[in-house]
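The values are calculated or read from the model by the stated rules, or taken from the named source; none is laboratory data. If you're wondering where the values come from, they're calculated on a predicted model, not measured in any experiment. Cβ placement follows ideal geometry from the backbone for every residue including glycine, while neighbour counts extend to all protein chains displayed. Keep in mind that these areas ignore ligands, DNA and RNA; they rest on the heavy atoms of the full protein, side chains included. Shrake-Rupley method; radii C 1.70, N 1.55, O 1.52, S 1.80 Å.
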Amino acid sequence: MPASGKIATAPAWGAVIAMALCATILISSEFMPVSLLSPIARDLAITEGHAGQSIAISGLFALITSLFISAIIGVSDRRRVVLIFTALMVVSGVMVALAPNAPLLMAGRALLGVAIGGFWSISAAIVMRLVPEESVPKALAILNGGNAVATTLGAPIGSLLGGLIGWRGAFFCVVPLAVIAFVWQWRSLPALPPEKATIRARDVFALLKHRQFAIGMIAVSLFFFGQFTLFTYLRPFLDLVTGNDAPLISAILLISTEK
């Protein structure tokens, strides 16, 4: 292996696109409940607030996973790790789509959170190893382009699909796409042994001892807390208070995510 740690092979653009597809599906799955809270709550006989916890629990498990993932995966091949997280996304999609009650819904969303936290913790580093150094910005743009597309279109498409085939059908649409992402990554990703020694879990928390870093993390956390608290409950407001139908709600969610 070269001194830089890159894999000494031709650029694996197919693997980069497969990673971008996986990112798109992950983020779409994460935000899909935003546009489906009302029908989920009605079907499972819970409140919209309770249904909204399905988004909070995925975020919580994503946070926990991202903090400890380096210590957990150790010297494991990163290709295998990515495939495991993609498989968890498939299992999560099936669990959520078939969930007969709120606890199983939350369990499925927790699995998705593990997949999200793990994938985003290592995806950028993996993509940087798949292409030559001069192509890294382009590869990272493709990866994060999947994130941007999902953030913009995930909620409105979920609302539209929910109106056509129900919230369970909307969630189940994710499953075949996740299977495609798994197979594509399995076929295109090369072996990716770790580049350096494993980071200990306590090393991550040691950063919080630096005052500027801690203040920055608090500020960013508060910003996203406020943003997603508002965004999460737009659907119940539009559905129950203003009485809009699914197509109009989809349009409003699309406009709000673009802003």
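Evaluating Met32 against the criteria (1) in contact with a Lys or Arg (Cβ under 9 Å, 6 or more places away or on another chain); (2) open to solvent by less than 20 Å² (accessible area, probe 1.4 Å) leaves one unmet condition, (1).
Being touching a Pro at 6+ places or on another chain (Cβ under 8 Å), at negative phi, modelled with pLDDT under 90 and open to solvent by 20 Å² or more (accessible area, probe 1.4 Å) is true of Leu160. Suppose the filter is part of a helix (DSSP H, G or I) and surrounded by 20 or more Cβ atoms within 10 Å (Cβ to Cβ); does Ala97 pass it? No, not satisfied. Residue under question is Asn144, and the condition is that it be more than 22 Å from Ala56 (Cβ to Cβ) and polar (S, T, N, Q); does it hold? Spelling it out, Asn144 is indeed more than 22 Å from Ala56 (Cβ to Cβ) and polar (S, T, N, Q).
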